[in-house]
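A short write-up of the structure that comes next.
The values are calculated or read from the model by the stated rules, or taken from the named source; none is laboratory data. Model, not experiment: these values are computed from the prediction. Heads up, the Cβs are rebuilt from the backbone with ideal geometry, glycines too, and the neighbour counts pull from every protein chain shown. Note: accessible area is taken over every heavy atom of the protein model, side chains too, but ligands, DNA and RNA are not part of it. Shrake-Rupley method; radii C 1.70, N 1.55, O 1.52, S 1.80 Å.
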Amino acid sequence: MEMEDYASSDEDYHYDSDQDDSVEAYENDEDYALLSSKGPTTKVITKESLLVAQREDLRRVMEMLSVREQHARTLLIYHRWDVEKLFAVYVDKGKAFLFGEAGVTVDEHPDSDSSVPSTVMCYICMEDVARVETTRMDCGHCFCNSCWIEHFIVKINEGQSKRIRCMQHKCNSICDEAVVRTLLSRKHPDMAEKYERFLLESYIEDNKRVKWCPSTPHCGNAIRVEDDELCEVECSCGLQFCFRCLSEAHSPCSCLMWELWAKKCRDESETVNWITVHTKPCPKCHKPVEKNGGCNLVSCICGQAFCWLCGGATGREHTWSSIAGHSCGRYKEQEKTAERAKRDLYRYMHYHNRYKAHTDSFKIESKLKETIQGKIAISEEKDSTLRDYSWVNNGLSRLFRSRRVLSYSYAFAFYMFGDELFKEEMTEAQREIKQNLFEDQQQQLEANVEKLSKILEEPFETFSDDKVVEIRMQILNLSTIIDKLCQKMYECIENDLLGSLHLGIHSIAPYKSKGIERASELSVCWNNKVNTGVTAELDRPSGSGSSDDNGCSSRKRARKDGVGGGFFDLNLPAEFVDRN
């Protein structure tokens, strides 16, 4: 990579002795590229730990409200598994309102056997059936088992299995999941399994803090965030993505900006712009015609002659300066439209070329990792006093992260200072001031990133110890500078650019000095007792591995050969499970 000398110029940041502490901390950070200083705040939920993650929230609600597991799940599904919101409603409006709103009815006074006749009229099928062939829900409504089963099957097929209401007219109570499971398993075990699957996956589908990893092919994992859902995370499969929109990690772009930019780059909108700028439609067949030289009389392949200046149909008699019987010296709106399209196209090409240049540089520099590992291995074999080369890997990690920030910063600038999103939010003078402020920081960051890239390509394995020490200090110096410049750019975007606008939809994920956080796996532990006022058995699922004295699984659950028996595989789509 041909670059200028990597010594900092007067316009760039300089390293001084006051930065010793930060550089030393940077150099000694072993997990630099993975974790933030506050520890992991995201969890990977696999198919083995999904049930455990769900029951953590169930247990909290059961302990707080002294309810059974099915009632706790009904409450959590209604509140989209937001335990804090559920507790807030309980504190503010009371238990009766909380239960009534979610459709939970606790049957505290069930009918005794002596008060129920041997036969009961089912008001759905209007037949007398034996009492043992009927089921009474917590709300008090009783119907025959056949009608209940048909009702459950219809609701499950309609996708309403997570909140199946009682059949009684105007009754909002949610059916007991244990009853649904028991009745379906007698004659329709496949529907019972589908029902179980929907209940389990509701923890992900209905939970705003849990989302499936968008990897292709799907890794089978979900990610749970503990703090702000506006963040970028890394799954254990290695995919980095934006938790809010599930696209690739794209800060400092907002989700809307990145959606528009990605669409603009992949569709044919710019091709249409090029056609608008460089061609004119034939007035007869309306196909685009490109002028390849000559005078202003143009002939289409269909045989029609027309004027290139105005697009009007003409005859073929002409000179170099005029066309017989035709004059088009007056201004027309089409010329103004073409000029505007040409300006927009050149502006897009400016930002796209730089975005693509940094993206391509990132791909090329990604191959440096193996090369640098080879250089480190050679250096460690030398008879040298230098043994620690972690600063090289840390510098490479800093290069990757800053290169990604630079790449997406051009997509951000395209929309921030264009007319697509914020035309009415800023005056031209304000736009110019903000654009100059942002571009100054962008250029400083770009210059230092290129210097770091050049230094990392140096053959330091052939240098003397003194020269290696010099290279080391330059990499540490630039890494610290680049980190501060990235942080300053994010602060500028959040406070000076987006923060001053009235639109609140363009928030960006916060900058993390140590890179996108890699989610840690949720441990698979099983507890069978809950300290509540009611008995609550949290059974351990079948097919799991052996456990230690603390109830923690010693190995992952073995995958079943089929989906009919045992625990189902969450990696399989619902259609496949239903079909089998």
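Within the set of pairs 6 or more residues apart or between chains, which connect a residue that is outside the structural domain of K342 (by the TED database) and open to solvent by 40 Å² or more (accessible area, probe 1.4 Å) inside region 277-294 to a residue that is among the acidic types (D, E) and modelled with pLDDT under 80 with Cβ atoms less than 9 Å apart?
none
Please tell me if E425 is touching a residue at least 24 places away in the same chain (Cβ under 8 Å), surrounded by fewer than 18 Cβ atoms within 10 Å (Cβ to Cβ) and assigned to a loop (DSSP other than H, G, I, E, B).
When the stated conditions are applied, E425 passes them.
For S185, work out the one condition from (1) open to solvent by 30 Å² or more (accessible area, probe 1.4 Å); (2) touching an Asp or Glu at 6+ places or on another chain (Cβ under 9 Å); (3) within 19 Å of I77 (Cβ to Cβ) it doesn't fulfil.
(3)
Looking at this structure, is C265 in contact (Cβ under 8 Å) with a residue 24 or more places away in the chain, farther than 30 Å from L200 by Cβ and in the same structural domain as A413 (by the TED database)?
So C265 passes the test.
Say whether the condition of being under 10 Å from the mean Cα position of the chain (by Cα), open to solvent by 20 Å² or more (accessible area, probe 1.4 Å) and acidic (D, E) is met by at least one residue in region 214-231.
yes
Tally up the residues in region 484-495 that are acidic (D, E) and either in contact with a helix residue (DSSP H, G or I) (Cβ under 6 Å, 6 or more places away or on another chain) or under 16 Å from Y415 (Cβ atoms) (or both), please.
1
Return the only residue of S479, S464, S453 being out of contact with any His (no Cβ under 9 Å at 6 or more places or on another chain) and open to solvent by 40 Å² or more (accessible area, probe 1.4 Å).
Criteria check complete, one pass: S464.
Hey, among D82, D138, which residue is among the charged types (D, E, K, R) and within 28 Å of P189 (Cα to Cα)?
After ruling out the rest, the residue left standing is D138.
Where residues in region 117-130 are loosely packed, with under 14 Cβ neighbours inside 10 Å and assigned to a loop (DSSP other than H, G, I, E, B), which of them is modelled with the lowest pLDDT?
My answer is P117.
So, S161, is that one open to solvent by less than 30 Å² (accessible area, probe 1.4 Å), of a type outside the set (A, V, I, L, M) and more than 21 Å from V179 (Cα to Cα) or not?
no
Quick grid of which residues meet (1) part of a loop (DSSP other than H, G, I, E, B); (2) open to solvent by 10 Å² or more (accessible area, probe 1.4 Å); (3) closer than 21 Å to L256 by Cα:
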| position | (1), (2), (3) |
| --- | --- |
| A377 | no, yes, no |
| D383 | yes, yes, no |
| D388 | yes, yes, no |
| R404 | no, yes, yes |
| Y410 | no, yes, yes |
| Q443 | no, yes, no |
| V468 | no, no, no |
| R472 | no, yes, no |
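Would you point out which residue out of R343, R354 is of a type in the set (D, E, K, R), surrounded by 13 or more Cβ atoms within 10 Å (Cβ to Cβ) and at pLDDT 80 or above?
Exactly one residue qualifies, and that residue is R354.
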